[in-house]
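A.B. asks: I am attaching a structure below and will ask some questions about it afterwards.
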Amino acid sequence: MKRLIIVAAALVAGPAAAATGPFFSLANTDFVVLLAFLLFVGILVYFKVPRRLMDMLDKRSDSIRSDLDEARALREEAQTLLASYERKQGEVQEQADRIVKQAREEAQVAAERAKEELGSTIERRLRGAEEQIESARTAAVREVRDRAIQVAVAAAADVLARQTGDAEARRMIDESIGTVSSRLN
């Protein structure tokens, strides 16, 4: 039935049927176009096309609204994440600054400690060198004194040997041995 109405409307609204004449006549093109338009609108209403279009537009509107809400939520989440990252970046920057400051302080303390240790090492080495010099001087003085004693003893022995006889030499040796033993004890 519906098809028959559609075919009839198509035949009636064709250009052959549209002619000039009185307005309410099928020969008038304006009247035929009006009837075809009303028939078309009627068919659309009969098949509930406007309701379907409205439902489709409502669904599309709801879809767009949900997309906008989701986009808004994502934007807020992104802003929250951005603020969080910026805050963390600030904290990391502060921590890095503290680490650099602490490292500088530690380096300065280490440098001061190294200076002190270097000073004490130099002082110890100077003392050691002075002690070695003093020891070498004492050894040299002792060596010179020992050598002088040896030379003096040898010279005295030569002088005594030339000036004294055997009996006098024995007496002096015994006397010297006694003196040395009394001084050693």
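A.B. asks: Using each residue's phi in the range 32-41, evaluate 6.51 cos²θ - 1.76 cosθ + 1.60 at θ = phi - 60° and report the 3J(HN,Hα) Karplus result to the nearest Hz, with x for Gly and Pro.
C.D. replies: So the Karplus estimates, Gly and Pro as x, are 5, 5, 4, 5, 5, 5, 4, 4, 5, 5 Hz.
A.B. asks: Under 17 Å Cα-Cα from K59, which aspartates and glutamates qualify once same-chain neighbours fewer than 8 residues away are excluded?
C.D. replies: D67, D69, E70
A.B. asks: Hey, can you rank 84-91, 30-37 by average C-beta count inside 10 Å, highest first?
C.D. replies: Working: 84-91: 10.1, 30-37: 14.5.
Result, highest mean Cβ count within 10 Å first: 30-37, 84-91.
A.B. asks: Check cross-link reach from K101 to the aspartates and glutamates: straight Cα distance under 19 Å, and skip same-chain residues fewer than eight apart.
C.D. replies: Result set, ordered by chain and number: E91, E112.
A.B. asks: Contact order normalised by length for the chain, with contacts defined as Cα pairs under 8 Å and 6 or more residues apart; what percent is it?
C.D. replies: Working: 37 pairs, mean separation 11.8, N = 185.
Relative contact order for the chain comes out at 6 percent.
All of the numbers you see were taken from the coordinates with simple rules; none came from a lab. Quick caveat: nothing in here was measured; it's all calculated off a predicted structure. Heads up, the Cβs are rebuilt from the backbone with ideal geometry, glycines too, and the neighbour counts pull from every protein chain shown.
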